[in-house]
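Structure first, commentary second.
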Amino acid sequence: MPAVALVSFASLLLELAMTRLFSVVLFYHFAFFAISVALLGLGSGGVFAHVRRQWLQRFAIGKLGAILCLLNSACILAAMEVVLHTAVSLEVSARNFGKITIIYLAAATSFFFTGLLFSTLFARSAASRDWSAASPTASRGSQDGSGSTISQLYGADLAGGSLACLAVVPLLNVIGAPNALIFSSAAMAIAAAMWAGKTWLRPAALALAATLAGLIVANHAGQLVDVIYAKGVLRDLKSIEFARWNAISRIEVKNQDGARYVVIDADATSAIMNADPARWDQDQPASPTPTHTGLPDHSGFNWKKSLMAAAPSVANVLRPRGAFAIIGPGGGVDVLRAVANGSPSVTAIEINPIIINNVMRRQYAGYSYHLYDRPEVHIHVQDGRSYIRSSHDKYDVVQMTLVDTWASTAAGAFALSENNLYTVEAFREYFDHLKPDGMIAITRWEFRQPREALRVVSQAMEALHQLGVADPQGHFVIVADGGLDEDGRPVLVLAKKSPLTGAEYAAVAQHVTANPNLVWLNPSAEYATLQRLPPAASAFRRLIDSNDPRGFARAYSYNVAPVTDSAPFFFFTLKIGYVIRNIMAGTGRGMDWRINLGVVTLGMLLVISLLAVLAFLILPLALHGRHHRPKTGLASLLYFIAVGLGYITVEIALIQRFVLFLGHPTYALTVVVFLLLLASGAGSVAARRWLSGSYPFARILGWIAGLIVLYVFLLPLLLPVAVGLPFLAKLLVSAVILAPLGFLMGMPFPSGLRMVDTVEWAWALNAAASVLGSVMAMVIAIHFGLTVTLVTAAVAYLLAALCSTTWRDALILR
């Protein structure tokens, strides 16, 4: 039993750590890779166990477990090298598709050996209570898991997985993603030693584990194993002055011509401010301390002229001495601008502690003139929206400037913490925390055909409508940092809680006139004739004049309708027809191709998953079934498909639901998966006693479906109320909510295995359904919302209940 738990621990740790690695090496869209890869490998291992059952019977389970775990350990290292050395670029091509497939298959190999071991173990447990014929150690009930019931084995499997959820965050914070994968390999080697007993394989496995532990120590700063390619580009290691991983992202500081930039997951950047706020309107040298001598001479640079010429500066013009709440301050651009303009209180909310503690307050504190240590700057390391929601303060300005880290979570593509910053409910919370004449100031990238800043306007209009503002036309100032004649222009959307005054319009006009690069996209009547507007400005005018954001979105080329917490996919603005035309035409390599790629990635993963399921799961079973027809009926096989779809859909939807409540996708992932697996493990152990005799098996499945539907109505009401609780209290609330559902969901799979004659078939089909379900769950969530996703899971369990009624004669479980 401990060996089973340790194998499960190593496998799930590998899956979670790969998600973090994929975010840096590939793109955030590939978060589904880890889930899909793991499920495919587990399923294909079950297929192989079924097809080669007779051959596998030659091996005692202890020896088989030791060999498979050793192979698994080696495959983890090999897969890591493939991921680190394969350059996947931001394009759709046959070559790129081939590279993704190579990574997919290489990463799946480790999970193949786990699936092969577990399916063999489960099959032998179902076939006989005494495995002495197959294993000399079985009669002693040794550590290999022999002599255990399926429920006990499944419980150990889930318990090991739940421990991986507890371990992944500390491991990523302390040793980083590559070392976390090596740690997983070492854990698998230790599991091999546990399976090996007193055979010669035991010292070999322990030696391998010790070698890998030494590699982790030697690689503590990434000197031996680190990211080689990121986003398809060979990294410039010479420019990196600082690098550190944690569970949220990989943070680097790069030196580019003397300027320093915080780089998040080798993609998003934030400049570190190198200016003294006390004399920021004077020409300043590039470096405040002798430690940076030898840099290019940037003396004569005027920070005030530079930063006040940017679009976000309009908020500082209108509220120069206001209280600011800045979400995602990064290197301190908005903080410096607020402090230097006279703000007496700047509350900066940054989600990644490395940026605050290691970069801005430690290694680059002198370079940034101790900006984050100033008395008027109040730093909080927390998710921005969670902090605002639980705060009792009122602000003059709530500001977000280009907050989009593109960082992934295991919840999947488009599962970003930033999505929850841009929902209608979020905007309402920002307005609720403003003073009567306060404003939100949100800057987004914009394009020749507007969509992102345009959707911000839609969000703010909908929120103002809900707050009782019938016509918010006079509540907006929209300023572009350029003429929208190219993609990638920053556009500020300033939405005031009350109507803008004539004096405020005049202040904006004066500021825009003084900075010719700024374009006021919805100018006041007095200023409208003084500036020639770009054609793209008409979209903003038409949206505001319509006073109907959803009606406007239906007729517009992009989906700029308001998004809610039920479907928080703010960045998904592309309509499917446009995406298809764009791809077929071979166009779209600009900044918003990231979003195109998100849609394409979901499609590619679905195609790869379908092909992989057919090639490694369905086809081998079908060919083998010509000569070895299982007695298991169609209904029982459909049962395992339904259970697989139901479980993975619930898991993904609940992770999304708990992101805002727990403050970050990483916490939502680890807490939700941990609690579900732990409770499911307990449910698996209890299943043998509960589902025995004449107990109606379908009733448990009905309870699961009913509880899921209850959560559809309960979670939107309960979680917002409890969001202000301390984190430990949130964990307790999460346990109370998730444990009952997880307990019940742990029963159907092991109980079903005891009622079929071909465990491998059931294992493979359950995995196949989970592979496809992991992608389909996000497709449903994006297009129909999380509520529909949960309802879909409930329907899957009801279908499983319907299939289980055909087993009425087999209710007395073996």
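For the cross-link pairs K254/K497; K231/K496; K231/K730; K63/K99; K394/K730, the ones whose C-alpha atoms lie over 28 Å apart are K254/K497; K231/K496; K231/K730; K63/K99.
Of the solvent-accessible surface of segment 747-794, computed with a 1.4 Å probe and all protein chains present, 74% belongs to carbon and sulfur.
Calculated accessible area for segment 149-224 comes out at 38 Å² per residue, all protein chains present (probe 1.4 Å; ligands, DNA, RNA ignored).
For segment 297-355, list log₁₀ I(q)/I(0) at each q in 0.13, 0.18, 0.22, 0.27 Å⁻¹, using the Debye formula over Cα point scatterers of equal strength and ignoring solvent, two decimals each. Each listed q maps to, in turn, -0.36, -0.64, -0.87, -1.12.
Semi-axis lengths, largest first, of the ellipsoid equivalent to segment 695-810 are 29, 17, 14 Å, with √(5λ) applied to each eigenvalue of the Cα gyration tensor.
For segment 1-22 versus segment 153-194, the spacing of their alpha-carbon centroids is 5 Å.
Taking amide H as placed 1.01 Å from N in the peptide plane, A230 has its amide H under 5 Å from the amide H of R235, each at least 5 places away in sequence or on another chain. Rounded, prolate or oblate for segment 520-573? Axes are the square roots of the Cα gyration tensor eigenvalues, ordered a ≥ b ≥ c, and the cut-off for rounded is a/c under 1.5. Taking the square roots of the gyration eigenvalues as a ≥ b ≥ c, segment 520-573 is prolate. Shape class of segment 451-550 from the Cα gyration tensor (axes a ≥ b ≥ c, square roots of the eigenvalues): oblate, since a/c reaches 1.5 or more and a/b does not exceed b/c.
The values are calculated or read from the model by the stated rules, or taken from the named source; none is laboratory data. On a predicted model such as this, the values are computed, not experimentally measured, just so you know. Only protein heavy atoms, including side chains, enter the accessible area calculation; ligands, DNA and RNA are left aside. Shrake-Rupley method; radii C 1.70, N 1.55, O 1.52, S 1.80 Å.
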